[in-house]
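Take a look at the structure below.
The values are calculated or read from the model by the stated rules, or taken from the named source; none is laboratory data. Values in this document were obtained by computation on a predicted structure and should not be read as measured data. Methodologically, a virtual Cβ is constructed for each residue, glycine included, from the backbone with ideal geometry; neighbour enumeration extends over all protein chains shown. Calculation scope for accessible area: heavy atoms of the full protein, side chains included, ligands and nucleic acids excluded. Shrake-Rupley method; radii C 1.70, N 1.55, O 1.52, S 1.80 Å.
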Amino acid sequence: MKFAFIIDPIAKLDPGHDTSVALMEAALAKGHEVWITEIDRLSIIEGKAWATLELVKLEPVKLIDGLWVAAANWYEVQETILQPLEEMDAVFMRVDPPVNVSYLYATYILDLIDPKKTLVINSPAGLRSANEKVYALQFQSVIPETIVSHDKSVIRKFVEAREAAVLKPLGGKGGEGILFLQKGDRNFNSLIEISTKQAEPVMVQTYLPAAKQGDKRVILLNGEPIGAVNRIPTGAEFRGNMAVGGRVEATPISDRDREISAKLAPKLRADGLYFVGIDVIGGYLTEVNVTSPTGIREIDLLNGINLSKEVIEWLEKQQQ
Ligand SMILES: Nc1ncnc2c1ncn2[C@@H]1O[C@H](COP(=O)(O)OP(=O)(O)O)[C@@H](O)[C@H]1O
Ligand SMILES: [Mg+2]
């Protein structure tokens, strides 16, 4: 099979951590071709989505002293071609947030791929409809109390009715801009002004004390949970994200995780959100990561498994 990966510049990826690299390695290991491109290398020509694609070879990471270690020159570009993306069997859209105007325009280009010929993971329409923070609000029975607003009086009322809350910018990732808010905070108005940039709504959610025990990432493939990892805040940090130093710990997929996944599955499938990472804190769904969910390297490392292989094998089956 031929796979295309739309990614951030490959030189900036961290092979020992990034799920995109894990998926590329798994595809190569199964004898498939892996082509890479970036959002500014996409075009529409004669009504079809085209891309300037580079064929890559990878030196897979190795497990050394309990860590994934990559070779200095872990990737090699072999040839460059301009081709319709429909020549590929599957296209992974895995550009990191922010979901800005360039990102949205890229999804419009990907709309011109015939889904009967090429599966786009995740579907461009799904990526547009699922803001990673707001999408979870469609599943009210499994989320903590949450509002989305930029009205200071609405936010204040919500926080004052609780001991503590967290504020989340809607376009953030890896813990960016997440604030801990407490009743009576003298910086309250300024914090809201800075976070809303005077124009954007933000999410405000009940603070879940269980976050101290971890923020669990569960990877869903076509709505089915296939692996999980717990991320525990370290030191004085209240956020558990790996990007801000969260410590990872092995954890099984619990009954509650399965229950939440089952609630999401029909909607995820309908939206073409085949590969997502949900965040679960204290048994509550807090985020549905759809753009470039990560966690596979850590899950593989802690459990001695190969989740990316499972993903590639699922795609092989879709093609048959
Ligand atoms: N309701 C909450 N209560 C306590 N901590 C939270 C809550 N929501 C998020 N956090 C903390 O903030 C971190 C980031 O939150 P999340 O919503 O997953 O945004 P993102 O990962 O996109 O930055 C989580 O890892 C967790 O530690
Ligand atoms: Mg998160």
Inset, instruction - Tell me which residues come under 5 Å, amide H to amide H, from ASP8 once H is placed; ignore anything under 5 positions away on its chain. - result: ASP96
Legend entry - ³J(HN,Hα), Karplus 6.51/-1.76/1.60, whole Hz, each residue of region 13-21, x for Gly, Pro: 6, 9, x, x, 10, 7, 5, 4, 5
Inset, instruction - At 1.4 Å probe size, with no ligands or nucleic acids counted, give the accessible surface of PHE188 in Å², nearest ten. - result: 10
Inset, instruction - Note down the net charge around LEU220, summing +1 for each Lys or Arg and -1 for each Asp or Glu among other residues with Cβ under 11 Å from its Cβ. - result: +1
Inset, instruction - Compute the accessible area per residue over region 1-115, keeping the other protein chains in place, probe 1.4 Å, unit Å². - result: 47
Legend entry - Cα-based helix-to-principal-axis angle, 255-270 vs the chain, degrees rounded to 10: 60
Inset, instruction - Could you work out how far helix 101-110 tilts from the main Cα principal axis of the chain, as a 0 to 90 degree angle to the nearest 10? - result: 40
Inset, instruction - Sort largest first and round to whole Å: the equivalent ellipsoid semi-axes of region 145-207, each the square root of five times a Cα gyration tensor eigenvalue. - result: 16, 13, 11
Legend entry - In region 143-219, trypsin sites (Lys or Arg not before Pro) in a DSSP loop with at most 13 other beta-carbon atoms within 10 Å: LYS183, ARG186, LYS197
Inset, instruction - Using θ = phi - 60° and the Karplus relation 6.51 cos²θ - 1.76 cosθ + 1.60, list the HN-Hα couplings for region 59-67 in order, rounded to whole Hz, with x at every Gly or Pro. - result: 9, x, 5, 10, 8, 10, 6, x, 9
Inset, instruction - With all protein chains present, calculate the accessible area of HIS150 using a 1.4 Å probe and round the result to the nearest 10 Å². - result: 100
Inset, instruction - Enumerate the amide H contacts of TRP50 below 5 Å, restricted to partners 5 or more residues apart or on another chain; note that Pro and chain-start residues carry no placed amide H. - result: SER43, ILE44, ILE45, LEU85
Legend entry - All-pairs Cα distance distribution in region 213-320, expressed in whole percent, bin size 10 Å: 15, 47, 31, 6, 1, 0
Legend entry - Estimated translational D of region 6-104 in µm²/s (Stokes, Kirkwood radius over Cα pairs; 37 °C; 0.692 mPa s): 226
Legend entry - Spatially proximal aspartates and glutamates relative to LYS133 (Cα-Cα < 13 Å; intrachain offsets below 8 disregarded): GLU176, ASP279, GLU287
Inset, instruction - Step through the residues of region 230-238 one at a time and calculate ³J(HN,Hα) from phi using the Karplus curve (6.51 cos²θ - 1.76 cosθ + 1.60, θ = phi - 60°), rounding each to whole Hz and writing x for Gly and Pro. - result: 9, 10, 10, x, 10, x, 7, 6, 8
Inset, instruction - For the chain, calculate the relative contact order in percent as a whole number, restricting contacts to Cα pairs under 8 Å that are 6 or more residues apart. - result: 19
Legend entry - Heavy atoms of GLU160 accessible to a 1.4 Å probe, total area in Å² rounded to 10: 80
Legend entry - Share of carbon and sulfur in the accessible heavy-atom surface of the chain [1.4 Å probe, %]: 51
Legend entry - Gaussian network model of the chain, Cα within-10 Å springs - most flexible of VAL34, VAL290, VAL154: VAL154
Inset, instruction - Springs between alpha-carbon atoms under 10 Å, Gaussian network over the chain: tell me which of GLY235, GLY246, GLY175 tops the mean-square fluctuations. - result: GLY235
Inset, instruction - Report the Stokes-Einstein translational diffusion coefficient (µm² s⁻¹, integer) for the chain, Rh taken as the Kirkwood radius over Cα pairs, at 20 °C with viscosity 1.002 mPa s. - result: 105
Legend entry - Solvent-accessible area per residue, Å², over region 155-250 with all protein chains present [probe radius 1.4 Å]: 47
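Can you give the direction-averaged projected area of the convex hull of the alpha-carbon atoms in region 68-117, in nm²?
The directionally averaged projection comes out at 5.7 nm².
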